[in-house]
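Enquirer: If you scroll down you'll find the structure; I have some questions about it.
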Amino acid sequence: MAERLVIDHVGHRGDGVAFSGGHTVFVPYTLSGETVQAGPADHPDRRLLLRLENASPERIAPFCRYFGACGGCAIQHWRADAYQGWKRQIVFDTLAHARIECPVDDLIDAQGAGRRRITGHARRSGDGELRVGFAAAGSHAIVAIDDCPILDPDLHGALDAARALAEILKPTTKPLDIQVTATLGGLDVDVRGSGPLPPALIATLSRVAEQHRLARLTRHGELVLMRTPPVVSIGTAQVTLPPGAFLQATAAGEEALGALVLKHCKGAKHIADLFCGVGPFALRLAARARVAAFDSDAGAVAALQKAAMATSGLKPVKAEVRDLFRRPLLPRELRDLDAAVFDPPRQGAQAQVQQLAASKIPVIVAVSCNAATFARDARILIDGGYRIESLTPVDQFRHTPHVELVARFVRGR
């Protein structure tokens, strides 16, 4: 049964928020002030947009033909200035919930040329049709995608390559996950969900690799074939990626985050880079300072160390494999540092931050992809005697609710 709703505001996940029978309900693809006809969804707190009765003056036409079916983008229908203000407000609201007051800089748009990595999915439906694309909005169903307008041009052909691989690997009703990353040598592909690959299949895959400009193909991180090393530039260094490596979503995003980290560490001579990955910060910081880098991913640490040793003009970089969730660096291990940078996964870095808060490091730079866990970790640092001197939101996941944060903490008043 349809109901008429007036959208009160856009929530933190990008859905319109309305009130129905004393309850809060969420209507995707709607904006503040709009009047809509909505129907029931698969959750009692959610509604489906059936018809737009009164459109917001901030509404614009989505630019992608798959918007509303594909779950990759939550917002393409909102004017840029209003969208950017909403995304910045998410930061204010999340900080306020943690009782944190500090200035928040203007949002930096770091979409740049577009996304340089994707994970596509392939599944054969019950009627035998092979679908290759992205997950549907709020569902595990796969929306077949021919093109994606938010991708970096260097990912051109990524979906075609995924489709060609899926045709050969023949997924069943269980999905095949195909991670594709743009590199200087071509597309770096890691496939997950397939069974062991028989030797006879390698020759066929090699032909696909040539046809679709694959630099490397791995299965669950194990090498299947390599035409050329999958290399990316980080600062002045060239890094050969380990299979399935994590990179910032856009090259412009990495540049923006790196520039902020460099600015906030200005003058430091010895810096720790915690959760360092393949070195997006360590390799830039090493142009000015000695760097001690730590991460639990052995492949990423090895790639960082190799790149640092092969790059002239860098200060010493010492990269070490260490699980900072289980074995955080202790205050005595941090005492000789001028600054520390930490960029953890979405769950934040609570164990490590507790040790940082007990240290005497003059400057701590936090990089986060999750405003809620950033606020929790920031609260620990503030309670330990630090204050936020600068906080900048960075938008490299345009058209989604996700926002990156870079903050500079200093000791004392």
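The values are calculated or read from the model by the stated rules, or taken from the named source; none is laboratory data. Everything quoted here is computed from the prediction, not taken from an experiment. Positions of Cβ are backbone-derived with ideal geometry, glycine not excepted, and every protein chain shown enters the neighbour counts. Surface accessibility is based on the protein's heavy atoms, side chains included, excluding ligands, DNA and RNA. Shrake-Rupley method; radii C 1.70, N 1.55, O 1.52, S 1.80 Å.
Enquirer: Provide the per residue accessible area, probe 1.4 Å, for the range 1-99, rounded to a whole number of square angstrom.
Expert: Here the per-residue accessible area is 54 Å².
Enquirer: Let me ask another. Just need the Rg to Rh number for the range 73-178, please, alpha carbons only, Kirkwood Rh.
Expert: 1.12
Enquirer: Let me make sure I get this right: for the range 1-52, a, b and c are the square roots of the gyration tensor eigenvalues over alpha carbons, sorted descending. Under 1.5 in a/c it's rounded, otherwise prolate if a/b > b/c, else oblate. Which is it?
Expert: Rounded shape, in that the Cα axes give a/c under 1.5.
Enquirer: Average projected area of the Cα convex hull of the range 130-252, in nm²?
Expert: 7.9
Enquirer: Sort HIS77, HIS220 from largest to smallest accessible area, using a 1.4 Å probe on the heavy atoms of the protein chains.
Expert: Descending accessible area places them as HIS220, HIS77.
Enquirer: Can you list the HN-Hα couplings for the range 134-151, worked out from phi with the Karplus curve (6.51, -1.76, 1.60; θ = phi - 60°), rounded to whole Hz and with x for Gly and Pro?
Expert: 10, 5, 5, 4, x, 8, 8, 5, 9, 9, 5, 10, 9, 8, 9, x, 9, 8
Enquirer: At 0.36 nm per residue, and after removing the present C-alpha to C-alpha distance, how many nm does the segment from ALA144 to VAL321 gain when stretched out fully?
Expert: Here the segment from ALA144 to VAL321 would lengthen by 59.8 nm.
Enquirer: Per residue, how much accessible area does the range 223-347 show when a 1.4 Å probe rolls over the protein heavy atoms, in square angstrom?
Expert: Accessible area per residue, the range 223-347: 44 Å².
Enquirer: Counting DSSP beta bridges in the range 304-413, what percent are antiparallel, to the nearest 5?
Expert: 80
Enquirer: Each residue of the range 402-411 in order: what ³J(HN,Hα) in whole Hz does its phi give by Karplus 6.51 cos²θ - 1.76 cosθ + 1.60, θ = phi - 60°, with x for Gly and Pro?
Expert: 6, 9, 8, 10, 10, 10, 10, 9, 10, 7
Enquirer: Another question, then. Of all accessible surface on the range 276-413 at a 1.4 Å probe, what whole percent is carbon and sulfur?
Expert: Percent of accessible area from carbon and sulfur atoms in the range 276-413: 50.
Enquirer: Which FRET efficiency, nearest 0.05, do ALA287 and SER125 yield, Cβ-Cβ r, R0 45 Å?
Expert: My answer for the efficiency is 0.30.
Enquirer: Another question, then. So, taking all protein chains as they sit and a 1.4 Å probe, how much accessible area belongs to PHE281, in Å² rounded to tens?
Expert: Looks like 10 Å² after rounding.
Enquirer: Further question on the same structure: Please work out how much accessible surface ILE380 shows to a 1.4 Å probe, ignoring ligands, DNA and RNA, in Å² rounded to 10.
Expert: 40
Enquirer: Follow-up. What FRET efficiency comes out for the pair VAL6/ASP42, r = Cβ-Cβ distance, R0 = 22 Å, nearest 0.05?
Expert: Computed FRET efficiency for VAL6 and ASP42: 0.45.
Enquirer: Between THR228 and LYS174, how many nm apart are label points set 7 Å from Cα along the C-beta direction?
Expert: 3.5
Enquirer: Specify, per residue and in Å³, the volume enclosed by the convex hull of the alpha carbon atoms belonging to the range 263-371.
Expert: Cα convex hull per residue, to the nearest whole number: 91 Å³.
Enquirer: Let's test the formula: R0 of 56 Å, r as the Cβ-Cβ distance of LYS306 and GLU53. What FRET efficiency results, to the nearest 0.05?
Expert: Using R0 = 56 Å, I get an efficiency of 0.40.
Enquirer: Which one, LEU223, LEU176, LEU107, has the greatest fluctuation when you compute a Gaussian network model over the chain with C-alpha springs under 10 angstrom?
Expert: LEU223
Enquirer: So between ASP338 and ARG13, what do we pick up on full extension, going 0.36 nm a residue minus the alpha carbon distance?
Expert: My answer for the length gained is 113.2 nm.
Enquirer: Would you please report the Å³ per residue occupied by the convex hull of the alpha carbon atoms in the chain?
Expert: 151
Enquirer: Have a look at the DSSP beta bridges in the range 172-297 and tell me what percent are antiparallel, nearest 5.
Expert: In the range 172-297, DSSP labels about 60 percent of beta bridges as antiparallel.
Enquirer: Sticking with this one: I'd like the accessible area for LYS306, computed on protein heavy atoms only with a 1.4 Å probe and all protein chains in place. Round to 10 Å², please.
Expert: Result for LYS306: roughly 140 Å² accessible.
Enquirer: Same structure again: Hey, what do the phi angles of the range 321-326 turn into as Karplus ³J(HN,Hα) couplings, whole Hz, using 6.51/-1.76/1.60 and θ = phi - 60°, x for Gly and Pro?
Expert: Residue by residue, the range 321-326 yields 7, 7, 7, 6, 7, 8 Hz.
Enquirer: Which order do you get for MET1, MET309 if you rank them by accessible area with a 1.4 Å probe, largest at the top?
Expert: From most exposed to least exposed: MET1, MET309.
Enquirer: Between the range 180-225 and the range 29-89, how many Å separate their Cα centres?
Expert: 38
Enquirer: Further question: Report, for the chain, the % of DSSP beta bridges that are antiparallel, rounded to 5.
Expert: 70
Enquirer: Would you please give the residues with an amide H less than 5 Å from that of ILE145, counting only those at least 5 places away or on a separate chain, with H modeled from the backbone geometry?
Expert: Placed amide hydrogens put VAL132, GLY133, PHE134 under 5 Å from ILE145.
Enquirer: Same structure, new question: Please report the equivalent ellipsoid semi-axes of the range 359-413, computed as sqrt(5 x eigenvalue) of the Cα gyration tensor, largest first, in whole Å.
Expert: Here the semi-axes work out to 24, 11, 7 Å.
Enquirer: Name the residue from PRO44, PHE134, VAL232 whose Cα lies farthest towards the positive end of the charge dipole of the chain, charges +1 on Cβ of Lys and Arg and -1 on Cβ of Asp and Glu.
Expert: It is VAL232.
Enquirer: For ASP146, ASP93, ASP42, ASP152, give the ranking by accessible area with the largest first, probe 1.4 Å.
Expert: Highest to lowest solvent-accessible surface, that is ASP42, ASP146, ASP93, ASP152.
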